[in-house]
Amino acid sequence: MSDPSGPEAAANRFADLRVRVTSSLVLLLVGGLAVWAGGRVFEAVVLLIALAMTWELARLGNGERPGQALVIGLATAAAVAGAAERPWAPELAVLALGPALFLITPRRDRLLAAFWTLLVELACLGLIEARAAGPLAVLWLLGVVILSDVCGYFAGRALGGPRFWPAISPKKTWSGTVAGWFGALAWTAALSPWMNADPWWGILVLAPVFALAGQVSDILESWIKRRAGVKDASTLIPGHGGVMDRFDSVAGAAALGMALEWLRAGLGG
């Protein structure tokens, strides 16, 4: 019998490394070009993300009806496109389409699915709004999420300690969460000389808040998959799983950004 901890096992653990790296490079290339191009090109990529994430969610709860999942995904993407063309006040009414479709779909987690869909819609609008402010705003948002995730992963593995939310995400630790906040702060401090933040320290205060929003969104997506009894949302991204698996943290941070923008607009800022 072969040793499960020997060289063969180690090779198996890294068998998909080439696929994962290739997929990551493709995602970086497409995302980078979209951010650089902006305008309708960026919006089209964001709408594809909305379509894919809600299609995956619909399949998780009702996989035997793939046509229905596609309709929900297309309708949600259309709702985001429609809301993006309107002033801030009517946007929420337009976005109600996506969550409403989940509320009337036969599944046991209707409210959770509807909430996640609204989060995805807000996130997509937030990304579009951020790109309208300039590519640096999108890079800051993505950097906060990525650095928070990377720092949290390594610190959590190295330090361990109390769990952040053990009932939903047994692997997340407070040490990793706090390390993620420091990663977000470091990224923000590095970019602050080029960011037109007023006051200048405001963006530093917001950095860990956005990081926390991404971390909570990641946990929520893990909970959705656990309830569905799956490891990955889909196999759309080779070596990585689904679009939900890769953009869950971005969704939380971008949705927070959109909510703050609505608040600013509502207060006449």
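Starting from region 102-115, keep only residues that are over 20 Å from L74 (Cα atoms), then list their pairs with residues that are of a type in the set (V, I, T) whose Cβ atoms are within a distance under 8 Å, requiring at least 6 positions of separation or different chains.
Every condition considered, the pairs that remain are D109/I224.
Only one residue in A251, A233 is of a type in the set (A, V, I, L, M), in contact with a strand residue (DSSP E or B) (Cβ under 8 Å, 6 or more places away or on another chain) and within 17 Å of L112 (Cβ to Cβ), so which one is that?
Going through A251, A233 in turn, the sole match is A233.
Report whether or not L92 is open to solvent by 30 Å² or more (accessible area, probe 1.4 Å), at pLDDT below 90, within 26 Å of W262 (Cβ to Cβ) and part of a helix (DSSP H, G or I).
yes
Counting residues that are open to solvent by 40 Å² or more (accessible area, probe 1.4 Å), within 22 Å of L28 (Cβ to Cβ) and of a type outside the set (A, V, I, L, M, F, W, C), which helices (runs of 4 or more DSSP H) fully inside region 99-210 reach at least 3?
Where helices (runs of 4 or more DSSP H) fall fully within region 99-210 and carry at least 3 residues being open to solvent by 40 Å² or more (accessible area, probe 1.4 Å), within 22 Å of L28 (Cβ to Cβ) and of a type outside the set (A, V, I, L, M, F, W, C), they are 135-159.
Being open to solvent by less than 50 Å² (accessible area, probe 1.4 Å), modelled with pLDDT under 90 and in a helix (DSSP H, G or I): is that true of G82 here?
Yes, satisfied.
Counting just the residues of region 65-79 that are closer than 17 Å to A233 by Cβ and open to solvent by 20 Å² or more (accessible area, probe 1.4 Å), which one comes out modelled with the lowest pLDDT?
That would be P66.
The values are calculated or read from the model by the stated rules, or taken from the named source; none is laboratory data. Nothing here was measured: the structure is a model prediction, and the numbers come from that model. Positions of Cβ are generated from backbone atoms using ideal geometry, with glycine treated the same way; all protein chains shown enter the neighbour counts. Protein only, heavy atoms only, side chains kept; ligands, DNA and RNA dropped before computing areas. Shrake-Rupley method; radii C 1.70, N 1.55, O 1.52, S 1.80 Å.
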